[in-house]
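Just so you know, all these numbers are worked out from the coordinates, no wet-lab data involved. Worth saying up front: this structure is predicted, and the values here are computed from it rather than measured. Glycine gets a Cβ as well: all are built from the backbone with ideal geometry, and neighbour counts include every protein chain shown.
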Amino acid sequence: MTALPPHSGFAPRPLAYKPAPDHLAGMIAAVMAATEIEQADVPVSPPRGYYRATDRGGKPVFIKIVDARRAEILASANEIVAKLAARAVPTITCIHGPSTLETGDVLFAYRWADGSFGEPTPPQLKSLGRAIVRMHGALAAVNIDTTLRDWSSSHRTMLEAAAEDTANSGFERQAARDLLDRWGDFVRALTDDAQPIHNDLHPGNVLFEGHEVSAFLDFEETMSGPLSPIVDLHWVWERWCLLRLDPNQALTAALTFLDAYLDAGGRKLAPPPGTLGLISRWRSLIGIATLESARRPDLPAWVRERRKFQSLLERAGEWQESFAMLEARLR
């Protein structure tokens, strides 16, 4: 997880681009044939960030520039994407890179993908359910090295720190302590049926053409290690449905997605009662801990992200009834 994403809030927006300064365009042109280079407006220090350019064949390309540490994970994620594309999973493959810039940062280029971010409409949610089944099947079938990180021990350490950090509210510290009390059972719930998953299925990481999924984006979190597919389903229920619709509409939308997933052959999981609520708290607390480890209250983007995770943590309690119904439908 990176501390500051390229978009704020819960509903993604297309990136805004402007002509890249000459020195940045020159660095990019020095490692790949590219013209008409434009820089996206994202809260990172250049040359890191996102760019749009034209390749030597006149086709648009999307460029990511990251630090060397993240480049290792991104290169592994690109290998996963290539394997998924070979199995007809809608993805966007890397066409150039890694290439190291004079600053030591690393460039990757991808084919440009048209499409739009999705909405929680029945046709798109049904397509998403079917596409996730195909993606999970492919991820389970290909050889993926997910041994880079032991998420359970590192996250436990982060939660222990969050439980004592006075920069966190009393509610946040207590939520961390409550999750730690159930940590062993929670980890078992997420690892008993584990396989490689996407693990970052917010609406900004899925593109649609019309009602159909056209591409899954950003498989970096797949490298965190195998997890139960319930985590990917939770991403959809929380970020696509519960956060964007009123309670009755949200539950109907979540069940529409789940029925499409199950009808397409998705695994009928049996999470212990309360698992979905704990997933919400877990992700929110880890998001808070990640931000507090690089505390920058002087940055508006940092403040927005901090408030976002605080809001998610507080709202998790409102969704218990919906989560209980979804857990029952899975059994």
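Once the piece of chain linking N248 and A194 is laid out straight, how much longer is it, given 0.36 nm per residue of separation minus the C-alpha distance between them?
Between N248 and A194, full extension yields 16.3 nm more.
Over the chain, how many pairs of lysines fall under 30 Å by alpha carbon, counting only those 8 or more apart in sequence or from different chains?
10
Does region 45-98 come out rounded, prolate or oblate by the C-alpha gyration tensor, with a ≥ b ≥ c the root eigenvalues, rounded set by a/c under 1.5 and, if not, prolate when a/b is larger than b/c and oblate if not? Please report the intermediate quantities before stating the final value.
Values: a/c = 2.54, a/b = 1.15, b/c = 2.21.
Note, shape of region 45-98 comes out oblate.
How far is helix 275-292 tilted, in degrees, relative to the longest principal axis of the Cα atoms in the chain, given as a value from 0 to 90 rounded to the nearest 10?
In the chain, helix 275-292 runs at an angle near 50 degrees to the longest axis.
Return the distance in nm (one decimal) between the two label points of a simple spin-label model at D67 and D263, each offset 7 Å from Cα along Cα→Cβ.
Each label point lies 7 Å from its Cα, and together they span 4.7 nm.
So if each residue of separation counts as 0.36 nm, and I subtract the Cα-Cα distance between T100 and A33, what length gain in nm does that give?
Working: separation 67, 0.36 × 67 = 24.12 nm, distance 1.43 nm.
Length gained between T100 and A33: 22.7 nm.
Which value at 222 nm does the chain reach when only helices count, each DSSP H run of 4 or more adding -39,500 (n - 2.57), with the total divided by all residues and rounded to the nearest 500 deg cm²/dmol?
-14500 deg cm²/dmol
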